[in-house]
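The values are calculated or read from the model by the stated rules, or taken from the named source; none is laboratory data. What you see is a predicted model, and the numbers here were worked out from it, not measured in a lab. A quick note on method: Cβ atoms are made from the backbone with ideal geometry, for glycine too, and the neighbour counts reach across all protein chains shown. Protein only, heavy atoms only, side chains kept; ligands, DNA and RNA dropped before computing areas. Shrake-Rupley method; radii C 1.70, N 1.55, O 1.52, S 1.80 Å.
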Amino acid sequence: MKIALIGYGKMGKEIEKIAQSRGHEIVSRIDPVATGEDFGDGNFEKADVAIEFTIPKVAFSNYQKCFEYNKPVVSGTTGWLDKLPEIKKACEQEGQTFFYASNFSVGVNILFELNRHLAKIMNDLDDYDVEMTEVHHTQKLDAPSGTAITLAEDLLEKIDRKKEWKLDKGEKESDLVIKAEREGDVPGIHTVKYESEVDEITIHHSAKSRQGFALGAVLAAEFAAKNKGFLGMRDMLKF
Ligand code: NAD
């Protein structure tokens, strides 16, 4: 497969290594700072699929450019989700293909599944309060992380006593607090903790490196090249 990378930062470079090890060719590396390559320089159009890992404020315009070229896009950039309805519309009405995951790691997607299951059990157990913590490296631009938002939204759907998530500090019992900590070069730690007077139950995922995210993104690109529409990890992993 011929892959265009949009964003050649920490993730772009990690994805390049994994993609090449799986026999794919990188035909374009678009990044105004790291490479100076752009969409119009003749290389992007050779790609079968684009993988986008940039920054929140440019992600949506990058997706629009990919759609202009009718290229499937896989993106892991977080912090742009207010534009999600427009992306879904482009998939449904214009036949575009877009694969988004707030977290491409298979392990985190197992955590998502456990979180939904545990929340269903805990809904009737009012003695337990629940809160979340996420820890990331200090260069991360958004807080809470996209992964924490996915965990929180799944929780809010199942736990009736929690109504909305709040960053760092809640005001009401019904607020689900997400504590966001920034330290060192941490690739990503997420914890969901239920606590009562007598005990604590936690589910927890800690990424050891960026490799798991990069592998998931390449697997998603292989999937997006063969499937159409608005796609996600649950379509690909099927658990
Ligand atoms: P990074 O800062 O190392 O790299 C971002 C790159 O984007 C930089 O090289 C920057 O020059 C480039 N860029 C800026 N504007 C651009 C534009 N208009 N077009 C193309 N490139 C542009 O960041 P990173 O660690 O690689 O993370 C990138 C994004 O991916 C962040 O939003 C992060 O939260 C997210 N992320 C998601 C997952 C996941 O599994 N979904 C995993 C890790 C990181």
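So here's what we get for this one:
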read-out: Full-extension gain in nm, K163 to M1, via 0.36 nm per residue minus C-alpha separation; value: 53.9 nm
read-out: Cα-centred dipole magnitude for the chain, charges only on beta-carbon of K, R (+1) and D, E (-1), debye, nearest 20; value: 920 debye
read-out: Accessible surface of the range 30-84, 1.4 Å probe, proportion on carbon and sulfur as whole %; value: 49 percent
read-out: In Å², nearest 10: area of D185 left accessible to a 1.4 Å probe; value: 100 Å²
read-out: Relative contact order of the range 75-187, defined on C-alpha pairs under 8 angstrom at six or more residues apart (%); value: 27 percent
read-out: Environment charge at L167 (Cβ cut-off 13 Å; Lys +1, Arg +1, Asp -1, Glu -1); value: -4
read-out: Accessible surface of the range 173-239, 1.4 Å probe, proportion on carbon and sulfur as whole %; value: 50 percent
read-out: Computed FRET value (nearest 0.05) for K88 with D175, which takes r as the C-beta separation and R₀ as 25 Å; value: 0.30
read-out: Heavy-atom accessible area per residue - the range 1-58, 1.4 Å, Å²; value: 48 Å²
read-out: Over the chain: helical MRE at 222 nm, DSSP H runs n ≥ 4 each giving -39500 (n - 2.57), nearest 500; value: -11000 deg cm²/dmol
read-out: Carbon and sulfur %, accessible surface of the range 96-139 computed with the full protein complex present, 1.4 Å; value: 53 percent
read-out: Equivalent ellipsoid dimensions for the range 127-239 as semi-axes, Å, which come from the Cα gyration tensor, largest first; value: 28, 18, 13
read-out: Surface accessible to a 1.4 Å probe, per residue, for the residues of the range 168-239, Å²; value: 58 Å²
read-out: Hydrodynamic radius of the chain per Kirkwood, over alpha carbon pairs, in Å; value: 18.7 Å
read-out: Residue range of the chain that is longest and free of GluC sites (Glu not before Pro) which are both DSSP loop and sparsely packed (at most 10 other C-beta within 10 Å); value: 1-170
